[in-house]
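Some notes on the structure that comes next.
The values are calculated or read from the model by the stated rules, or taken from the named source; none is laboratory data. Because the structure is predicted, anything quoted here is derived from the model rather than measured. For neighbour counting, all protein chains shown are included, and Cβ atoms are generated from backbone atoms with ideal geometry for every residue, glycine included. For the accessible areas, the whole protein counts, side chains as well, though only heavy atoms, and no ligand, DNA or RNA atoms are used. Shrake-Rupley method; radii C 1.70, N 1.55, O 1.52, S 1.80 Å.
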Amino acid sequence: VQLQASGGGLVQTGDSLRLSCTASGRTSSNNGVGWFRQAPGKEREIVAGINWRGDNTYYADSVKGRFTISRDRAKNTVYLQMNSLKPEDTALYYCASARSATYSTDRARYAYWGQGTQVTVSS
């Protein structure tokens, strides 16, 4: 399974971006997916997660009300809509496919990782 994350870029405070994570190879749309981010010098942290059906989601407190995770199972793609971006959202964003049907906040429960897409928010 290969995960391709895309959609990052350089934006200003208050702008929006939509990240995409597309799976290829021996894919399964029956797995949970998580979006993580890692800023320089910091631990990789979960931002949002979604279960296989797309009807159960999770958001870190820092992004609640601003980010929305969704998935299109027919396209093997998971999206992260990011609104009202802040400089503290600057990080390398990764998507990951879970080992089960739901998401997890534990990185060890993810089997496959994308290569990351950079999001930079200027003040």
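Data for the structure
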read-out: Arg71 accessible area, 1.4 Å probe, all protein chains in place, Å² to nearest 10; value: 50 Å²
read-out: Cα pair distances in region 1-71, grouped into 5 Å bins until the bin that holds the longest one, percent each; value: 3, 13, 21, 27, 21, 10, 4, 1
read-out: Point-to-point label distance, Asp15-Ala111, nm (Cα→Cβ direction, 7 Å offset); value: 3.7 nm
read-out: Kirkwood-based shape ratio for region 58-123, expressed as Rg/Rh from alpha carbons; value: 0.97
read-out: Full-stretch length increase - Gln2, Ala74 - with 0.36 nm per residue and alpha-carbon distance subtracted; value: 24.3 nm
read-out: ³J(HN,Hα) computed for each position of region 102-108 - Karplus, 6.51 cos²θ - 1.76 cosθ + 1.60, integer Hz, glycine/proline x; value: 10, 7, 8, 8, 8, 4, 5
